[in-house]
Each structure stands twice: as C-alpha cells, then as structure tokens.
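This is the structure, below, for whatever I ask next.
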Amino acid sequence: MILSEQEQLRRQKRNELIALGIDPYPAAEYPVNVHSDEILAQYKPDENNYQEVVLAGRLMGFRIMGNASFAELQDAEGRIQLYFRRDDLCPEEDKTLYNTVFKKLLDIGDIIGVKGYAFTTQVGEISVHVREFTILSKALRPLPVVKEAEGQTYDAFSDPEMRYRQRYVDLIVNPHVKDIFIKRAKIVSTMRSMFDSRGWLEVETPVLQAVHGGAAARPFNTHHNTLDMPLYLRIANELYLKRLIVGGFDGVYEFGKMFRNEGMDRTHNPEFTSLEFYVAYKDYHWMMDLTETIFQTVAQTLHGQTKIQVGENQIEFAGPYPRLTISGAILQYGGVDVDAMSESELRAHCLSLGMDVDKQMGKGKLIDELFGEKVEANLIQPTFITDYPVEMSPLTKKHRSKPGLVERFELFVNGKEIANAYSELNDPIDQKERFEDQLRLAEKGDDEAMAMDFDFLRSLEYAMPPTSGIGIGIDRLTMLMTNQSSIQEVLFFPQMRPEVIKEVSSDSDFVQAGVPEVWIPALQKMGILTLAILKEANPNKLFNDLGGMRKKLKIDVALPSKEEIIAWIG
C-alpha cells in the first residue's frame, strides 16, 4: 500500500504517542454528559451553568497561538469551539501534554474527549474552556479539506462516486447529509406509530424464498447447499403477509429489504426498502383514504406543514388526491382511447411513437408502457391511478363493476410511482388461473413473470377474508420528503461497481529486486508501482527522474548510478 506523506506522518505521530506512554486507542469508557448543541442552545453566562462539561468528538480545525489555542470539535449533534491554555493543561513544570501532544501530535480528524466548562469569548462565541483532554482515536488518514470563506464553500467533498463509496467521510465533512437519514428514520417511526396505534402487528417474513412472488420482477437466485435447492432473494413479501391474514391477524405490516436483479438509475437500486401492510375486511377505496392520511401525517411530522418543495415543484400532501383510471389518464394526457383499441392496434400505435415494444407484450403490458411514456411525467401532485387491466395485476381482485379490470391503484407523486395497492384477490380458483397465465408469459420469454406458488394457493383455500394491501417504497418516499433527486442520496451504502484498486508490489518485492528501501517512495511517486512496470522502464529516463525526485523528497543519500539502475531493471 502506498502511503501519502500525510499518512506516513500520522503513523509516525501514532508511534510517538505510544512512546510517550499514551494509548492512541484507549479501551475505557469516556463519560460524555452533554452534546455541543445543548451547550450552544442553553448556556447562560449569568446563570454560570455547564461548568462540568464532558464532551467527545472529532477535531475539525485548529488555531494554535503560542501558549493558548482554539480548536473546533464536531460531535454527533454539531460543532463547538474549544479553548486550550497551556498552564491549565499542564499546571506543573512538565508542559509535554500541551507543547508536544496537543501542538504537534494531534491532527484534524482525531477523536478526543475534553473536560472543562462553558464560557463566552471576547467576541461573544460560546466555547468550552478545556481543563483536560484525552486522545480517544488517532486518525491515520487526513480528511478532505473543505474550506469556507464569506459564505462560500471551497474544495467540497462533492464527487458522488467518492461520497457514496466512502459514506463515512461524507457524513463527517458534509453534516447536512446526516439530516437526510435522520428524516428517513423519522418517516419510518411515524408510520410505525400510526400502525401500532391501530392495533396492527409488525412482523418479519422470509428474505430467502423457495418461490419468488408478490411482484413482477427478475429475482436474484442462489443455492442452499444443505437442502440442495435453489432459493431466491425476495422481490416482495406480499404472499407471506397474506398468509398471516389467513392465519387470523386483522392487520400486519413489515418494513423490509427487497431485491430485484434489474437496472440501476436515479430511482432504482437492486436492494431497496419497502413497507407492505395488509388489513382484513377493507378494500382499495378505504386504502386510498388511509394513504392520504399517511402521506399527510409524514409531511406534517417532518416539516411542520403539508406543502413541501420537491425540485422545482411545490407538492401539497394534504388530501384529497385526484383519482384517475389508467385508461382515463392515457386519454387525458396521451389522447388515446386504449379501451377501444385491440392489442394489435395498441402495439401499432406504440410503435408509431417510437416505443420499444415487442410481440411478447400483451395488451396490459402495452397499456403500462404507454402510460409510462405519456402520463407519468405529468403527475406532479399526488394522484391515484386506478382500475388496471386484469393481466397487469395477477394478485388483485377483479373489479366489482368493470369487466376486464381489477381493483388496484398506484400513487404517483412528482412523476414517479410511490405506492401500489389492491383489493386483494382471495378466490383460490381465480388465483390459480392467474398464476397459470403468468407461467404462459414466462414460456414466451417474460423473465419478470410470477412463478406458481402452490403453498400460497393452499392458504387461500382455507379462506382469506376480504383484504386490502399496499406497498410503499421507503427510499422514494424519503427522496420526496427530503427533496433529493437521486436514490443514492437516501441510501447509506448504495450498490456500486467494485472499486478499482491499483496493483502495487510490496516494499520487500522491490528490495529483493535490488532497489534500496530509501528509493522505493521515489519510484512510487513516479508511478512505478509494480516490478513489472520497473522492468519496462528506460534506464536513462529513470536515472534523470530519480535525480529530480531526490530533490523533491529531500532524500539525503547519493543518487544511484546508471549501472545500479540497470541492475534493478534486470
């Protein structure tokens, strides 16, 4: 591993701390009794409060001024200024703790604990006067340097590839990012509280499933060695939750991870979080009313109001929301009456629009594609799209008054689907026929078609009460409620391509090739990271480049001769 000069220096400081008898990674509890935000909000000089402060956090800045210094500490709740004075820290003759440990061996990024008292500086800034400090964890890598001046931020840690891959650094140097995930947690806790207050039970269902079902999606598959059988990461938890309704629970819900082996973009990640809940003796009309209440309550809890800014749009989450049938929406926004068209006519129309459709797509799939092409982007305010074709919804009860349709709705907000709900199909004969239709689609090459789940059919044969269920994408809901345009911003660790790590030969490999250890850092600075690269080097150029690197790195030994360099190359 190639270490930068900063990394080498920090490792040297770590060793110096150990030589002074200071453990840079102590094991003992540090008794924090307050956070920075509390002091900043509640310290009153005239009350002389916060006189026994114990804080811990990360050093984010220094201003060393001889026998007194200022630093900035960042803890879990914010930042606060620290004031260090040599004679307070070192009242005896030995000033090592201040002159050496504090001034020379601490770095930005180190985690320390401090004990002291709150006070106000001459310029009126609330600070902590430090009586003693303890090193709790020495940082061996420097943080990205983010500079601020006159309200402007410079050298920000803003590259998405780096931020998502090194989320731990992102959270340190971009504190606003933490707020997104705090709001995400509050979204979940708000909904959980709503469901618990209604007496519904939070449950857990299998992630590894023998039959992938509950949605139209391509699964991830694996193999269980002991049972010698294929298994799938779940694409939905619907069929297991409905088994529990059969078993006698009136309401069940689950916040869980789903996995779909499909594309990735700004609104899709192969691993995502979904809420699904099912309530007996309800239908999709009741579920639309409840969904309005959920979204309104979440917005109010997070923002103190129901109207929030999402990109360029102000979204009003207070109900009631418009309700459009899918065919009515296509007629309104696309000018096409799909109810009056045959499958071939609809396919021809889609092709005339330049859409990518094929012969395997039935009428329902074509309607879905046309809806995505012509309607979705227009649905900015929360809108329920209802009454889908039966072939699009194999788990949904047939419409009570509209032949060929089902009692289903999807909620769209800001041009994206955010929830999907049904009056659940509970007729086992009808359900079996729907599964058989899905098998025929699979035979035609549809790799998103559902599989036959005989155990689920058996459960329905014991009678499932009339039920309504819904799935809500927690990631997309968080995007809405925190005004984020990319799903990666609301996932702590989004899926990414493997990190490309350059191959590097070890120092011992170079030494065995005859390279003196003192010259290895110079070679690495020049991009010669492996013996293979060294073997291809031009001896004359390498000799000249080493001469320049010797000055740059201040290497205080004689430059190797050309003959020695030729011997390295072999």
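The values are calculated or read from the model by the stated rules, or taken from the named source; none is laboratory data. Quick caveat: nothing in here was measured; it's all calculated off a predicted structure. For neighbour counting, all protein chains shown are included, and Cβ atoms are generated from backbone atoms with ideal geometry for every residue, glycine included. Side chains included, ligands, DNA and RNA excluded: accessible areas come from the protein's heavy atoms. Shrake-Rupley method; radii C 1.70, N 1.55, O 1.52, S 1.80 Å.
Tell me the angle of helix 428-443 to the major Cα principal axis of the chain, expressed in degrees between 0 and 90 and rounded to the nearest ten.
For 428-443 against the chain, the angle is about 60 degrees.
Let me ask you something else. Packing-wise, with mean Cβ within 10 Å as the measure, how do 352-358, 530-536 rank, highest first?
On the way: 352-358: 11.6, 530-536: 14.3.
With the highest mean Cβ count within 10 Å placed first, the list reads 530-536, 352-358.
Oh, and also: Give the separation of the Cα centroids, segment 411-451 to segment 506-549, in Å.
62 Å
In what order, largest first, do Met264, Met287, Met341 sit by accessible area if the probe radius is 1.4 Å?
Working: Met264 100, Met287 0, Met341 40 Å².
These residues rank, largest area first, as Met264, Met341, Met287.
Taking the Cα-to-Cβ direction at Glu161 and at Lys402 and moving 7 Å from each Cα, how far apart do the two end points lie in nm?
Computed distance between label sites Glu161 and Lys402 equals 4.8 nm.
For segment 179-227, what class follows from the C-alpha gyration tensor (a ≥ b ≥ c being the square roots of its eigenvalues): rounded when a/c is under 1.5, otherwise prolate if a/b is larger than b/c, else oblate? Mind dumping the intermediate values first?
Working: a/c = 2.67, a/b = 1.93, b/c = 1.38.
Since a/c reaches 1.5 and a/b is larger than b/c, the shape of segment 179-227 is classed as prolate.
Amide H of Gln166: which non-local residues (sequence gap of 5 or more, or other chain) have their own amide H closer than 5 Å, using H built in the peptide plane?
Those qualifying (amide H under 5 Å, at least 5 residues apart or on another chain) number zero.
Also, quick follow-up: Between Glu517 and Lys562, what is the label-to-label distance in nm when each label sits 7 Å out along the Cα-to-Cβ direction?
3.1 nm
Using the Cα gyration tensor of segment 284-425, with a ≥ b ≥ c the square roots of its eigenvalues, what is the shape: rounded (a/c below 1.5), prolate (a/b larger than b/c) or oblate (neither)? Walk me through the numbers on the way to the answer.
On the way: a/c = 2.70, a/b = 1.56, b/c = 1.73.
In terms of gyration-tensor shape, oblate.
Rolling a 1.4 Å sphere over the protein heavy atoms, what is the accessible area per residue of segment 381-504, to the nearest Å²? Spell out each step's value before the answer.
On the way: 5580 Å² over 124 residues.
Counting only protein heavy atoms, the per-residue value for segment 381-504 is 45 Å².
Just to compare against my own numbers: the Cα pair-distance distribution for the chain, 10 Å bins, whole % per bin, please.
All Cα pairs, binned at 10 Å, distribute as 3, 13, 18, 18, 15, 14, 12, 6, 1, 0 percent.
Here is a follow-up. Would you mind checking segment 429-449 for residues with the amide N under 17 Å from a putative spin-label position 7 Å along Cα→C-beta of Lys359?
441-446
Given the Cα-Cα distance of Ile569 and Leu143 and 0.36 nm per residue of separation, how much length would full extension add, in nm? Working shown, then result.
Numbers: separation 426, 0.36 × 426 = 153.36 nm, distance 3.70 nm.
Here the answer is 149.7 nm.
Under the Karplus relation 6.51 cos²θ - 1.76 cosθ + 1.60, θ = phi - 60°, what is the ordered set of whole-Hz ³J(HN,Hα) values for segment 463-476, x standing for Gly and Pro?
Once θ is set to phi - 60°, the couplings for segment 463-476 become 5, 9, x, x, 9, 10, x, 8, x, 10, x, 5, 5, 5 Hz.
For segment 88-145 and segment 192-244, what is the separation of their Cα centres, given in Å?
51 Å
Based on the Cβ-Cβ distance from Glu503 to Met526, what FRET efficiency comes out when R0 is 22 Å, to the nearest 0.05?
Values: r = 16 Å, r/R0 = 0.73.
Given R0 = 22 Å and the Cβ-Cβ separation, E is 0.85.
Then there's this: Heavy-atom accessible area of Leu331 with all protein chains present, probe 1.4 Å, nearest 10 Å²?
90 Å²
Return the sequence-ordered ³J(HN,Hα) values of segment 71-87 in whole Hz as given by the Karplus equation 6.51 cos²θ - 1.76 cosθ + 1.60 applied to θ = phi - 60°, using x for Gly and Pro.
9, 10, 10, 10, 10, 5, 10, x, 10, 8, 7, 10, 10, 10, 10, 3, 6
Count the DSSP beta bridges whose two residues both fall in the chain, then state the antiparallel fraction as a percent rounded to the nearest 5.
Numbers: 79 of 88 bridges.
Bridges in the chain that DSSP calls antiparallel: roughly 90 percent.
Tilt of helix 363-374 relative to the longest C-alpha principal axis of the chain, in degrees (0 to 90, nearest 10)?
The two axes meet at around 50 degrees.
Along the Cα-to-C-beta direction of Lys178, a point sits 7 Å from the Cα; which residues of segment 481-500 have their amide N less than 16 Å from that point?
492
Still on this structure: Report the extension gain between Asp23 and Leu9 in nm, rounded to one decimal, defined as 0.36 nm multiplied by the number of residues separating them, less their alpha carbon distance. Let's see the in-between values first.
Numbers: separation 14, 0.36 × 14 = 5.04 nm, distance 1.74 nm.
This chain segment gains 3.3 nm when fully extended.
Further question on the same structure: Mind ranking 207-213, 493-499 by how tightly packed they are, going by the mean number of other C-beta atoms within 10 angstrom, highest first?
Values: 207-213: 17.9, 493-499: 11.1.
By packing density, highest mean first, the sequence is 207-213, 493-499.
Then there is this: For segment 326-369, take the alpha-carbon Rg, divide it by the Kirkwood Rh, and send me Rg/Rh. If you can, show how the numbers build up before the last one.
Numbers: Rg = 9.6 Å, Rh = 10.4 Å.
Radius of gyration over Kirkwood radius for segment 326-369 works out to 0.92.
Roll a 1.4 Å probe over the protein heavy atoms and report the accessible area of Phe277 in Å², nearest 10.
Surface open to solvent at Phe277 totals about 0 Å².
Continuing with this model, one more query. Grab the DSSP H runs of the chain that are 4 residues or longer, score each as -39,500 (n - 2.57), total them, divide by all residues and round the 222 nm result to the nearest 500 deg cm²/dmol. Write out the running numbers ahead of the final one.
Details: 19 runs with 194 residues, N = 570.
The helix contribution divided over the chain gives -10000 deg cm²/dmol.
Non-local amide H neighbours of Phe249 (under 5 Å, H modeled in plane, Pro and chain starts lacking H): which ones?
Excluding prolines and chain starts, which carry no amide H, there are no hits.
If you don't mind, there's one more thing I want to ask. Which distance in Å, rounded to a whole number, links the C-alpha centroids of segment 275-317 and segment 20-86?
Here the two parts' Cα centres lie 42 Å apart.
Anything over 28 Å Cα to Cα? Flag those among Lys365/Lys397; Lys183/Lys365; Lys13/Lys552; Lys307/Lys398; Lys183/Lys416, in the order listed. Spell out each step's value before the answer.
Values: Lys365/Lys397 18 Å; Lys183/Lys365 36 Å; Lys13/Lys552 22 Å; Lys307/Lys398 35 Å; Lys183/Lys416 20 Å.
From Lys365/Lys397; Lys183/Lys365; Lys13/Lys552; Lys307/Lys398; Lys183/Lys416, over 28 Å: Lys183/Lys365; Lys307/Lys398.
Once phi is turned into ³J(HN,Hα) by the Karplus curve 6.51 cos²θ - 1.76 cosθ + 1.60 with θ = phi - 60°, what whole-Hz value does each residue of segment 414-427 show in order, with x for glycine and proline?
6, x, 10, 6, 10, 8, 9, 9, 9, 7, 6, 5, 10, 8
Now for a separate question. Kindly identify segment 166-284 as rounded, prolate or oblate by the Cα gyration tensor criterion: order the square roots of the eigenvalues as a ≥ b ≥ c, call it rounded if a/c is under 1.5, otherwise compare a/b with b/c, prolate if a/b is larger, else oblate. Present the calculation step by step, with values, prior to reporting the outcome.
Working: a/c = 2.24, a/b = 1.14, b/c = 1.96.
It comes out oblate by the Cα gyration axes.
Return the lysines within reach of Lys551: Cα separation strictly under 20 angstrom, same-chain partners fewer than 8 residues apart disregarded; answer none if there are no such residues.
Lys525, Lys541, Lys562
Mind giving me the nanometre distance, one decimal, between the label points for Tyr168 and Thr120, set 7 Å out from Cα along Cα→Cβ?
Here the modelled spin labels are 4.0 nm apart.
Let me ask something else. Give the residues of segment 62-81 whose amide nitrogen is closer than 19 Å to a point set 7 Å from the Cα of Ser189 in the direction of its Cβ.
Backbone N within reach: 76-78.
Next up: Using Stokes-Einstein with the Kirkwood hydrodynamic radius over Cα pairs, what translational diffusion coefficient do you get for segment 53-139 at 20 °C and a viscosity of 1.002 mPa s, in µm²/s rounded to a whole number?
Values: Rh = 12.9 Å.
Translational D for this selection: 166 µm²/s.
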